[in-house]
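Colleague: Starting off with a structure, shown below.
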Amino acid sequence: MTMTSNEERLYAAGRRTVCGIDEAGRGPLAGPVVAAAVVLPQAPVLAQDDLLLGLMDSKKLSPRKRDRFFEQISQTARSIGIGVVEHETIDHINILQATILAMQRAVEGLHLPADYLLIDALKLPEIDIPQEGIIHGDDLSLSIAAASVIAKVTRDRLMLKYHRLFPKYGFDRHKGYGTPEHLEKIKSFGPCRIHRKTFRGVT
């Protein structure tokens with residue numbers, strides 16, 4: 001099985017716009033959860049596209065490689081949608097529901113409507129499009145891996161903007177995750193406006 005096997009199966013069955021979906025930011029103590037929906041060129045093109053060779057789960061890529069793939073995916077993709085759900089909503093509806101909402105917004109943001117969704121682990125009950133959740137999908141689907149990179153880089157760049165607003169927390173380094181440094185900053189200064197107040201370690 002290759003990274004394009006799922007896409008090839010669906011295009012061979014007559015699908016025209018297969019979309020991969022993934023998120024970044026479920027675990028941090030601060031900032032938004034971000035989802036991306038990506039429709040790559042059809043599988044025969046992908047299989048010959050050296051630009052995306054080595055693309056995988058964004059967590060396994062260095063920041064430099066993520067940035068390179070971000071640019072290549074942005075240039076190559078047929079359509080990209082981004083969904084962002086901020087910390088207030090996360091605290092109000094919980095992180096799982098916020099993640100699903102971000103994914104729904106990402107799908108709704110596609111300028112080329114998808115006719116099948118490949119989603120990392122989840123399902124989107126409010127989206128009336130055929131879909132399947134794939135466990136460890138960012139290691140098994142090139143479209144999901146592409147969405148993983150778009151979501152991760154987009155969120156990291158948002159956290160850099162937050163760092164400029166709240167420099168004493170070190171968001172430029174840990175991006176809001178619960179590192180020892182971050183936890184110590186919360187103890188010293190208390191939570192700031194973008195912290196998720198319902199998350200353990202924040203209050």
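The values are calculated or read from the model by the stated rules, or taken from the named source; none is laboratory data. Bear in mind that the values here come from a model prediction, so they are computed numbers and not experimental data. Cβ placement follows ideal geometry from the backbone for every residue including glycine, while neighbour counts extend to all protein chains displayed.
Colleague: Taking E23 and the conditions (1) free of Cβ contacts under 8 Å to residues at least 24 places away in the same chain; (2) charged (D, E, K, R); (3) closer than 30 Å to T203 by Cα, which numbered condition does it fall short on, given that it satisfies the others?
Modeller: (1)
Colleague: Continuing with this model, one more query. If I ask for residues that are touching a residue at least 40 places away in the same chain (Cβ under 8 Å) and crowded, with 19+ Cβ neighbours inside 10 Å, which ones from the range 175-185 would you list?
Modeller: Once the filter is applied, which keeps residues that are touching a residue at least 40 places away in the same chain (Cβ under 8 Å) and crowded, with 19+ Cβ neighbours inside 10 Å, the range 175-185 yields K175, G176, H182.
Colleague: Another question about this same structure. Is it true that some residue in the range 15-23 is closer than 23 Å to G178 by Cβ and under 19 Å from the mean Cα position of the chain (by Cα)?
Modeller: The answer is yes; a qualifying residue exists.
Colleague: Shifting gears a bit: Looking only at residues that are of a type outside the set (G, A, S) and crowded, with 21+ Cβ neighbours inside 10 Å in the range 121-153, which one is modelled with the lowest pLDDT?
Modeller: D138
Colleague: Only one of these conditions is not met by T76: (1) modelled with pLDDT under 95; (2) touching a strand residue (DSSP E or B) at 6+ places or on another chain (Cβ under 9 Å); (3) β-branched (V, I, T). Which number is it?
Modeller: Of everything listed in (1) modelled with pLDDT under 95; (2) touching a strand residue (DSSP E or B) at 6+ places or on another chain (Cβ under 9 Å); (3) β-branched (V, I, T), T76 misses just condition (2).
Colleague: Quickly run through the range 71-83 and pick out the residues that are of a type outside the set (S, T, N, Q) and in contact with a Ser or Thr (Cβ under 8 Å, 6 or more places away or on another chain).
Modeller: R78, I80, I82
Colleague: Step by step: first the residues of the range 102-140, then only those that are among the acidic types (D, E) and part of a strand (DSSP E or B), then the one that is farthest from S58 (Cα to Cα). Which residue is that?
Modeller: E132
Colleague: Right, next: Name the single residue that is modelled with the lowest pLDDT among those in the range 10-63 being part of a loop (DSSP other than H, G, I, E, B) and among the hydrophobic types (A, V, I, L, M, F, W, C).
Modeller: Here the residue is M56.
Table: residues versus (1) farther than 21 Å from S141 by Cβ; (2) hydrophobic (A, V, I, L, M, F, W, C); (3) buried (at least 18 other Cβ atoms within 10 Å of the Cβ); (4) more than 15 Å from the chain's Cα centre (by Cα).
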position	(1), (2), (3), (4)
L61	no, yes, yes, no
Q75	no, no, no, yes
G83	no, no, yes, no
E86	yes, no, no, no
A102	no, yes, yes, no
D115	no, no, no, yes
I119	no, yes, yes, no
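Colleague: Is the range 167-183 home to any residue that is assigned to a loop (DSSP other than H, G, I, E, B), modelled with pLDDT under 95 and under 19 Å from the mean Cα position of the chain (by Cα)?
Modeller: no
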